[in-house]
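K.L.:
Here it is, the structure in full.
The values are calculated or read from the model by the stated rules, or taken from the named source; none is laboratory data. It should be emphasised that the depicted structure is a prediction, and the values quoted were computed from it without experimental measurement. Neighbour counts are summed over all protein chains in view; Cβ atoms, including those assigned to glycine, are modelled from backbone coordinates with ideal geometry.
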């Protein structure tokens with residue numbers, strides 16, 4: 001099969017880690033008989049330097065014509081880079097927000113998986129780390145409190161700020177459908193997280209999720225209040241499969257879930273629209289202090305490429321082959337500098353890509 005992939009290497013370590021993801025994808029193509037065609041576009045600081053803006057309309061159109069977008073990282077040092085002397089709408093991150101809006105990317109997926117080889121890095125108690133966990137936080141990305149009407153006024157000499165949390169049933173239904181569809185590719189369990197004991201928006205959320213669940217009788221649904229979920233994530237993370245939630249709750253819970261894995265350099269992510277199209281990127285930043293040194297950890301980007309195969313291309317076997325290849329590299333003791341410990345085999349960014357690519361097999 002042939003697929004068109006638009007790549008956004010971006011800034012900092014972005015070009016290095018995207019190169020390694022391409023290397024692994026090319027190995028998948030050779031082993032499984034596919035063809036991946038890449039087109040690179042600029043976004044972020046590099047686009048500001050070349051084009052005077054963080055994302056051009058031409059780059060957006062190139063992304064829209066692809067089957068999926070694979071991104072590295074964008075931005076630089078916020079205290080020293082001239083990019084951050086520009087107005088907010090001209091800074092590197094504005095390009096990502098513009099891209100999400102232009103592509104209607106409303107569903108954000110953040111896996112949190114604890115590799116047993118890295119269990120010592122988990123900050124939770126030893127028994128929890130030993131049990132392991134493999135969850136996916138599915139966050140609604142374009143609605144809720146972050147996108148509602150807001151104002152700051154002074155009334156009778158007192159400053160007052162208002163943020164409005166609004167969801168309609170269409171916004172809830174489409175993210176719920178995504179959650180149940182993806183649960184079918186995993187362990188077939190959805191935990192819907194809300195604050196239905198207090199908020200009207202959460203009561204609507206729960207009602208619509210219950211309606212959607214009727215179309216997925218093979219998937220188990222449970223509801224959990226957000227404060228309890230935050231507690232359960234550190235008490236017993238192994239209980240979760242797909243955690244489905246609204247924008248602000250998902251923002252907070254996904255960061256909590258990432259921290260209990262012990263290394264953000266291992267975490268992939270995806271943002272999907274209502275088709276098979278998605279934007280795939282690592283959860284970490286551009287790390288400008290190590291850019292160009294060939295010491296970055298490419299695993300999060302490589303795992304993001306695996307997510308692309310699974311969720312945009314329906315190549316589940318090939319996605320699993322990448323995930324297994326990463327697991328084997330860790331089992332064999334290969335470590336980039338950020339996850340290195342005594343007795344392991346320290347490798348560069350490109351060497352880690354080589355090892356993982358060599359591990360790809362049917």
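K.L.:
Of all residues being surrounded by fewer than 19 Cβ atoms within 10 Å (Cβ to Cβ) and either touching a strand residue (DSSP E or B) at 6+ places or on another chain (Cβ under 7 Å) or touching a residue at least 60 places away in the same chain (Cβ under 8 Å) (or both) in the range 289-315, which is nearest to residue 354 (Cα to Cα)? Just the residue, please.
P.N.:
294
K.L.:
Here's something else I'd like to know. Are there any pairs with C-beta distances below 6 angstrom linking a residue in the range 44-57 that is over 12 Å from residue 89 (Cα atoms) to a residue that is part of a helix (DSSP H, G or I), with the two at least 6 apart or on different chains, and if so which?
P.N.:
Taking only residues 6 or more apart or on different chains, the pairs are 45/83; 45/92.
K.L.:
Here's another thing I want to ask about it. Any residue that is outside any loop (DSSP other than H, G, I, E, B) and surrounded by fewer than 18 Cβ atoms within 10 Å (Cβ to Cβ) - is there at least one of those in the range 240-247?
P.N.:
Within the range 240-247, none of the residues are outside any loop (DSSP other than H, G, I, E, B) and surrounded by fewer than 18 Cβ atoms within 10 Å (Cβ to Cβ).
K.L.:
Checking the conditions here, which among 80, 39, 62 is touching a helix residue (DSSP H, G or I) at 6+ places or on another chain (Cβ under 8 Å) and either surrounded by fewer than 23 Cβ atoms within 10 Å (Cβ to Cβ) or more than 29 Å from residue 144 (Cα to Cα) (or both)?
P.N.:
Of 80, 39, 62, the one residue that is touching a helix residue (DSSP H, G or I) at 6+ places or on another chain (Cβ under 8 Å) and either surrounded by fewer than 23 Cβ atoms within 10 Å (Cβ to Cβ) or more than 29 Å from residue 144 (Cα to Cα) (or both) is 39.
K.L.:
Right, something else. Specify the residue that is surrounded by the fewest Cβ atoms within 10 Å (Cβ to Cβ); the eligible residues are those in the range 316-352 that are in contact with a helix residue (DSSP H, G or I) (Cβ under 6 Å, 6 or more places away or on another chain) and not in a helix (DSSP H, G or I).
P.N.:
Filtering the range 316-352 for residues that are in contact with a helix residue (DSSP H, G or I) (Cβ under 6 Å, 6 or more places away or on another chain) and not in a helix (DSSP H, G or I), the one surrounded by the fewest Cβ atoms within 10 Å (Cβ to Cβ) comes out as 336.
K.L.:
Give the residue, chosen from 183, 207, that is over 17 Å from the mean Cα position of the chain (by Cα) and modelled with pLDDT of 95 or more.
P.N.:
The match here is 207.
K.L.:
Can I ask one more? Name, by its number, the condition in (1) farther than 24 Å from residue 302 by Cα; (2) part of a helix (DSSP H, G or I) that does not hold for residue 80.
P.N.:
Status for residue 80: all satisfied but (2).
K.L.:
Within the range 132-161, work out how many residues are over 29 Å from residue 271 (Cα atoms) and outside any loop (DSSP other than H, G, I, E, B).
P.N.:
Looking only at that region, the number is 8.
Yes/no per residue for (1) within 14 Å of residue 4 (Cα to Cα); (2) modelled with pLDDT under 95; (3) in a helix (DSSP H, G or I):
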position: 25; (1), (2), (3): yes, no, yes
position: 30; (1), (2), (3): no, no, yes
position: 39; (1), (2), (3): yes, no, no
position: 46; (1), (2), (3): no, no, yes
position: 60; (1), (2), (3): no, no, yes
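K.L.:
Tell me the residue from 198, 209 that is without any contact (Cβ under 8 Å) to a residue 60 or more places away in the chain, touching a strand residue (DSSP E or B) at 6+ places or on another chain (Cβ under 8 Å), under 21 Å from residue 249 (Cα atoms) and outside the structural domain of residue 310 (by TED's automatic domain parsing), please.
P.N.:
Within the list 198, 209, the selection yields 209.
K.L.:
Residue by residue through the range 22-40, note down the ones that are within 18 Å of residue 278 (Cα to Cα) and in contact with a strand residue (DSSP E or B) (Cβ under 6 Å, 6 or more places away or on another chain).
P.N.:
25, 36, 37, 38, 39, 40
K.L.:
Take residue 235 and tell me if it is surrounded by fewer than 18 Cβ atoms within 10 Å (Cβ to Cβ), closer than 29 Å to residue 127 by Cβ and assigned by TED's automatic domain parsing to the domain that holds residue 131.
P.N.:
Yes, satisfied.
K.L.:
Pairs, please: C-beta under 6 Å, at least 6 apart or cross-chain, first residue assigned by TED's automatic domain parsing to the domain that holds residue 144 and in the range 155-168, second assigned to a strand (DSSP E or B) and loosely packed, with under 11 Cβ neighbours inside 10 Å?
P.N.:
160/153; 161/152; 162/151
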